[in-house]
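**Q** First the structure, which I've put down as structure tokens, then a few questions once you've had a look.
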Amino acid sequence: MNRVVKLVSIFRNGAVKSQTWILSNPDTTKTPSQIKGLLGELAQLNLFQKDGIRLFETVVSAKYVETIETTIFEEELVTR
């Protein structure tokens, strides 16, 4: 079994539409206020635009999504 944690955050873009940003393997020891602050800083950087519209203007929400992957079978690759 393999445990995978992702931080899924929702932002409002410059066109007042939702924009999702996902971070794999986040630091889960951060407090909710620390995460909100860091995501707010990401929005302030104004790094990402598409067609002149800021993609991450305001942070709306964030949550951890945890997935457990269980391999049922896996064939071994044969090398020649």
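The values are calculated or read from the model by the stated rules, or taken from the named source; none is laboratory data. All of these numbers come straight from a predicted model, not from anything done at the bench. Reconstructed Cβ throughout: ideal geometry from the backbone, glycine too, with neighbour counts over all protein chains shown. Quick note on the areas: whole protein, heavy atoms, side chains included, nothing else; ligands and nucleic acids left out. Shrake-Rupley method; radii C 1.70, N 1.55, O 1.52, S 1.80 Å.
**Q** With unit charges on the beta carbon (Lys/Arg positive, Asp/Glu negative), name the residue among V5, A62, L45 whose Cα is farthest towards the positive pole of the charge dipole of the chain.
**A** L45
**Q** Count the net charge of all other residues whose Cβ sits under 15 Å from the Cβ of T58, scoring Lys and Arg as +1 and Asp and Glu as -1.
**A** With Lys, Arg at +1 and Asp, Glu at -1, the net is +2.
**Q** About the Cα centre of the chain, what is the dipole size in debye to 20, counting +1 per Lys and Arg Cβ and -1 per Asp and Glu Cβ, all else neutral? All intermediate terms of the calculation are to be shown ahead of the outcome.
**A** Details: 10 positive and 9 negative charges, 88 e Å.
My answer is approximately 420 debye.
**Q** Starting from the Cα of K50, draw a straight line to each of the lysines and keep only those under 21 Å, dropping any in the same chain fewer than 8 residues away.
**A** K50 reaches K17.
**Q** Just one of [x] -0.29, -0.57, -0.70, -1.32; [y] -0.48, -0.72, -0.82, -1.27; [z] -0.58, -0.75, -0.81, -1.09 is log10 I(q)/I(0) by the Debye sum over Cα atoms at q = 0.12, 0.17, 0.19, 0.27 Å⁻¹ calculated from these coordinates, so which is it?
**A** Answer by label: [y].
**Q** In the neighborhood of L7, defined by Cβ-to-Cβ distances under 15 Å, what is the net charge if each Lys or Arg adds +1 and each Asp or Glu adds -1? Kindly include the intermediate steps, with their values, before the conclusion.
**A** Working: positive: R3, K6, K30, K36, K63; negative: D27, E41, E66.
Charge balance near L7 sits at +2.
**Q** Same structure again: Which of I68, I35, I22 moves most in a GNM of the chain, Cα contacts under 10 Å?
**A** Its mean-square fluctuation being the largest, the pick is I68.
**Q** Work through the residues other than Q19 whose Cβ is under 10 Å from its Cβ and net out their charges, Lys, Arg +1 and Asp, Glu -1. Provide the component values of the computation, followed by the final result.
**A** Values: positive: R12, K17, K50, R54; negative: E57.
Summing Lys and Arg as +1 and Asp and Glu as -1 gives +3.
**Q** While we're looking at this one, here's another question. For the chain, modelled as a Gaussian network with Cα springs under 10 Å, which listed residue fluctuates most, L55, L39, L47?
**A** Residue with maximal mean-square fluctuation among L55, L39, L47: L47.
**Q** Loop only by DSSP, 13 or fewer other Cβ within 10 Å of the Cβ. Give me the trypsin sites (Lys or Arg not before Pro) in segment 1-58 that pass, ordered by residue number.
**A** Working: sites: R3, K6, R12, K17, K30, K36, K50, R54; in loops: K17, K30.
Of the trypsin sites (Lys or Arg not before Pro), the ones in loops of segment 1-58 whose Cβ has at most 13 other Cβ atoms within 10 Å are K17, K30.
**Q** Accessible area of the chain with a 1.4 Å probe: how many percent of it is carbon plus sulfur?
**A** On the way: 3430 of 6680 Å².
About 51 percent, which is the carbon plus sulfur part of the accessible surface.
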